[in-house]
1. Need one number: nm distance between label points at residue 70 and residue 113, each 7 Å from Cα along Cα→Cβ, rounded to one decimal.
2. Would you calculate a helix-derived [θ] at 222 nm for the chain, using -39,500 (n - 2.57) for each DSSP H run of n ≥ 4 and dividing by the full residue count, to the nearest 500?
3. With an 8 Å cut-off on Cα pairs and a minimum separation of 6 or more residues, tell me the relative contact order of the chain in percent.
4. Distance check, please: which entries in 73/110; 69/96; 114/155; 29/106; 29/142 exceed 30 angstrom between their Cα atoms?
5. Tell me the chymotrypsin sites (Phe, Trp or Tyr not before Pro) within segment 1-106 that lie in a loop according to DSSP and have at most 13 other beta-carbon atoms within 10 Å.
6. Find how much the distance from residue 171 to residue 36 grows on full extension, using 0.36 nm per residue of separation minus their present alpha carbon separation; answer in nm with one decimal.
7. Return the loop-located trypsin sites (Lys or Arg not before Pro) in segment 1-101 (DSSP other than H, G, I, E, B) with at most 14 other Cβ atoms within 10 Å of their own Cβ; answer none if there are none.
8. Hey, got the dipole for segment 63-169? About the Cα centre, +1 on K and R Cβ, -1 on D and E Cβ, debye to the nearest 20?
Amino acid sequence: MEVPYYVLRANEGVRVPQNDSLVLYYLKKMIWWIIVLLIVCSFIFRDNLFLNVNIGVLGLLICVYLYIKILTKEVFVPSPFEIRFYADFMIIYREKYYYHTKLSRKQYDKFFYKDIHKCLYKKTSHRISIFGIVEGVWYDYKKDGTISNQPTYHKTVDSICYFYTNMAPDVDFVVELETHAPIKVIIQDN
């Protein structure tokens, strides 16, 4: 196993809902499914089913959805991660990355430097995006907090990997990436 010649440890910003409730999560999903069902059935029966639904019921669905959306507003929280630099590639490692209420993952995203198409830093959103061929190895956490020996995802695809830098203001990620990897980071102000 190769040893990285440099490891950058920092916190990335991860979006999580302020009120992380399973009830609100499923209620929001249920409202979406009702709306999708009405739209699909409107196409199947060639009739606008929204006209047949009481305006009070539609208003109630919209009000409940907006209320849930306000309650589950997302905020950034710090989450530790590492960028491991090797001679020919780099790995973005996340010990525990939050996806939603029921899913957190341990992630390894491996980029060979020759396969990176573009690296972009957006100043307004504090987001660094790496475009290229990435080998992703992910392990889902179980309810008891353990992970399995076999990855739940292991693919090599032409994709994007990104992270938010707003939780580590003391780290200049652009300088770190350009210093330790043969890539040029494009900086956007918008």
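1. Simple spin-label model gives 5.2 nm for this pair.
2. On the way: 4 runs with 53 residues, N = 190.
It comes out at -9000 deg cm²/dmol, rounded to the nearest 500.
3. Result for the chain is 23 percent.
4. On the way: 73/110 32 Å; 69/96 25 Å; 114/155 18 Å; 29/106 25 Å; 29/142 22 Å.
Pairs exceeding 30 Å: 73/110.
5. Working: sites: 5, 6, 25, 26, 32, 33, 43, 45, 50, 65, 67, 76, 81, 85, 86, 89, 93, 97, 98, 99; in loops: 5, 86.
Answer by residue number: 5.
6. Working: separation 135, 0.36 × 135 = 48.60 nm, distance 4.40 nm.
Contour length minus Cα-Cα distance gives 44.2 nm.
7. Working: sites: 9, 15, 28, 29, 46, 69, 73, 84, 94, 96; in loops: 46, 73.
Answer by residue number: 46, 73.
8. Details: 17 positive and 10 negative charges, 70 e Å.
Dipole about the Cα centre, nearest 20: 340 debye.
The values are calculated or read from the model by the stated rules, or taken from the named source; none is laboratory data. Given the structure is predicted, the values throughout are model-derived calculations rather than measurements. For neighbour counting, all protein chains shown are included, and Cβ atoms are generated from backbone atoms with ideal geometry for every residue, glycine included. Each accessible area value is taken on the protein alone, full model and side chains, heavy atoms only, with ligands, DNA and RNA left out. Shrake-Rupley method; radii C 1.70, N 1.55, O 1.52, S 1.80 Å.
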